[in-house]
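Working notes, structure below.
What follows is calculated from the coordinates using simple rules that are stated; it is not laboratory data. What you are looking at is a predicted structure, and each value in this text was computed from that prediction instead of being measured.
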Amino acid sequence: MSRDAAAQIRALFADSVGRGFDPRTVLGADDAEIDAMARAQRVPAVPVAVREVLRLMGRELGRYESLGGSGRRRLGVSAIYPEDRKRAENFAEYDSSLTDPGHLLVLSVLELDEGWFYEVVDGSQVTEPDPPVWFGSSDGFLAAPNYPSVTVWFAEMCAEVEGMLAEEIDR
C-alpha cells in the first residue's frame, strides 16, 4: 500500500506535467530534510504520500504556491514555522475531532484575505501511508476530514494548477 500512495502522487504530478506544468519550477527535498521537518513538528512519522509530495516540491512550490487572487499556500520542509504548528495545535485542542492534536503534522498553511487556514494530518494517523487531511482555522477544525486522503488533497492541488495553466492558454 505504501508504494501505491507514492506511485499515485508521482502519477498525479506526471499528469500535471503532461498538461503543461513545467517541473523545473519546483524543487524537491531529500529524506534528511523531510525527517528534520518531522522532528521540528514533533511527529513520529511522515506518511508515505506526504513524503512523496515533499520529494517533488518540498523546497520550492512554484505554481503550487498560488491559490488564485491574493492567496498563497506555504508547504515544504522550511515553510511551516514553529508558530504555525503551535497555532494549529491550539486550534485543534480548542474545537476538534482530531484524536491526537499534540502530534499533528501541518501540511500547509493557506494565507488568504480571510485569515490563515491549516491543512493537517491527525497525529493518530501519521503512520498511515495515505491518511485523511483535515482543514481548520482559528474557529477549530472540521468535524470530519476535508479530504479522505493525501492523494485526493494533492490531486486537488494539481487540478488548481492545471486550471491556472488552462486559463493562461485561453488568454
The chain, relative contact order [Cα under 8 Å, separation at least 6], %: 24 percent
With 10 Å bins from 0: P(r) over the range 1-42, alpha-carbon pairs, percent: 24, 37, 34, 6
Cα-based convex hull volume of the range 66-157 per residue, rounded to whole Å³: 93 Å³
Listed residues Thr25, Thr127, Thr151, most fluctuating in the chain (Gaussian network, C-alpha, under 10 Å): Thr25
Alpha-carbon centroid distance for the pair the range 105-171 / the range 1-58, whole angstrom: 14 Å
Answer label, with Rg and Dmax of the Cα atoms in Å calculated from the coordinates and candidates [x] 31.2, 87; [y] 20.3, 70; [z] 15.2, 47: [z]
Gaussian network model of the chain, Cα within-10 Å springs - most flexible of Arg73, Arg42, Arg24: Arg24
Principal axes of the range 1-77: Cα extent on each, largest first, Å: 35, 31, 18
Principal-axis tilt of helix 2-18 within the chain, Cα atoms, nearest 10 degrees: 40 degrees
